[in-house]
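Report on the structure given below.
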């Protein structure tokens, strides 16, 4: 019972109080590049949720059943990144074969995901904080949802910004995006203290 | 040849101009010493992997090049991580997971993909050095601003009796704490990016203005060039 409750706490903390994008700045590059339109942001967000949840689970199993057992923990990021790259490649091939609609929606984002540091970061934080399997799963899913939430919110703000406001010349593009992200991070700091995860 | 080196510092600065490798830049820029450590790590990994990839580019099949690049990069990151844990344990604790995240740092994979996999060894070497130095300088600038305003100190390497921390009178008692926290990094980089954009535009409009002036002097009959040529 407490185990399930802890996993639940981890899940919510990963979305709000410890948002992987706004407090750990992971996945910034694709966040800046893709947050121009809501539609593409939703696509990338969904792809990130899916890949992050699955790779967290696979990496948890690999870490505890292979790396720890054979005492080669120092190889963990090589192992994790290979898992992520292979998984992304696999998913891309499967989607390409099976569903045109899904490929058009998600396929183009998948190569971007291999180098999205949020994915590797989530796996690394998971083993550093020594989560159990259930909390690891909750953390992966929560981080993915938190990342998606942040990028979709940003895309909404940027769309409005394009229509309504005059941004000073030098700030257009990445400058104003970073500043908005900063203000969003300030807002998310309001959640701090609601739940703390160790 | 020199331009391959210098372009990484100014014209194609990874952080301020092409916006790659922002994650570590935002995360570790709370103290100047972290910026130095991170910069050194990135320069080493960038050099090692660009040399290797440039040498191996003819043997790596096109389809699996990205995974192969990542494995090469990850090996160098492992070296950096282990060396840092052994010889600079406090720095390694400060940088934490971000040393390991150099693996997915977009600068390194980006340069490998865009440059080292196509060019000769010497060019790749200079490109790696330039990009690494440009990254380090940008990181130093960001962390200096954040640390001076956010905690009122400058933390450098501890040498002998000097403990490495310089206190700034006035600021260290009442710092603007928000700059040291998560949102501060985003705000500082946002405003710096705006500053560099503005500088770039001013330079561009100046050259336009100069060209107009020259053409006006050459052919005065074409009428006066429009004022300061868009000094917006």
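All of the numbers you see were taken from the coordinates with simple rules; none came from a lab. This structure is a prediction, so every number in the text was calculated from the model and none was measured. Don't worry about glycine lacking a Cβ; one is built from the backbone with ideal geometry, like all the others, and counts go over all protein chains shown.
How far is the Cα center of the range A:1-75 from the Cα center of the range B:1-78, in Å? So the two Cα centres are separated by 24 Å. When the Gaussian network model of chain B links Cα atoms closer than 10 Å, the mean-square fluctuations of B:113, B:62, B:212 top out at B:212. Remark: the residue B:171-residue B:90 segment gains 26.6 nm on full extension, using 0.36 nm per residue and subtracting the alpha carbon distance. Is the C-alpha gyration tensor of the protein assembly as shown telling us rounded, prolate or oblate? Criteria: a/c under 1.5 is rounded; beyond that, a/b larger than b/c is prolate, otherwise oblate. In terms of gyration-tensor shape, rounded. Computed on the Cα trace of the range B:140-208, the radius of gyration divided by the Kirkwood hydrodynamic radius gives Rg/Rh = 1.16.
Rounded if a/c is under 1.5, else prolate if a/b beats b/c, else oblate: with a ≥ b ≥ c from the C-alpha gyration tensor eigenvalues square-rooted, which is chain A? Oblate is the answer for chain A, as a/c is 1.5 or above yet b/c matches or exceeds a/b. Spin-label model, residue A:97/residue B:6: points 7 Å from Cα along the beta carbon direction are separated by 5.4 nm. Dividing the summed helix terms, -39500 (n - 2.57) for each DSSP H run of n ≥ 4, by the number of residues in chain B produces a 222 nm estimate of -20500 deg cm²/dmol to the nearest 500. Measure nothing fancy, just the Cα-based angle from helix A:76-98's long axis to the longest principal axis of chain A, in degrees from 0 to 90, nearest 10. Value to nearest ten degrees: 70.
Put simply, the convex hull of the Cα atoms in the range B:35-116 casts, on average, a shadow of 5.0 nm². Taking Cα atoms only, the orientation of helix A:2-15 departs from the longest principal axis of chain A by about 30 degrees. Dividing the mean sequence gap of close Cα pairs (under 8 Å, 6+ apart) by how many residues chain B holds gives a relative contact order of 27 percent.
Pull out a ≥ b ≥ c, the square roots of the eigenvalues of the alpha-carbon gyration tensor of chain B, then state rounded if a/c is under 1.5, prolate if not and a/b is larger than b/c, and oblate in the remaining case.
Working: a/c = 2.62, a/b = 1.21, b/c = 2.16.
Because a/c hits 1.5 or more and a/b fails to exceed b/c, chain B counts as oblate.
Helical runs assigned H by DSSP (4 residues or longer) give chain A a calculated mean residue ellipticity at 222 nm of -23500 deg cm²/dmol, each run adding -39500 (n - 2.57) before division by the residue total.
Using 0.36 nm per residue and subtracting the Cα-Cα separation, the extra length available between residue B:156 and residue B:140 on full extension is 4.6 nm. Expressed as an acute angle from 0 to 90° and rounded to the nearest 10, what is the orientation of the C-alpha long axis of helix A:133-164 relative to the principal long axis of chain A? Once rounded, the angle reads 10 degrees.
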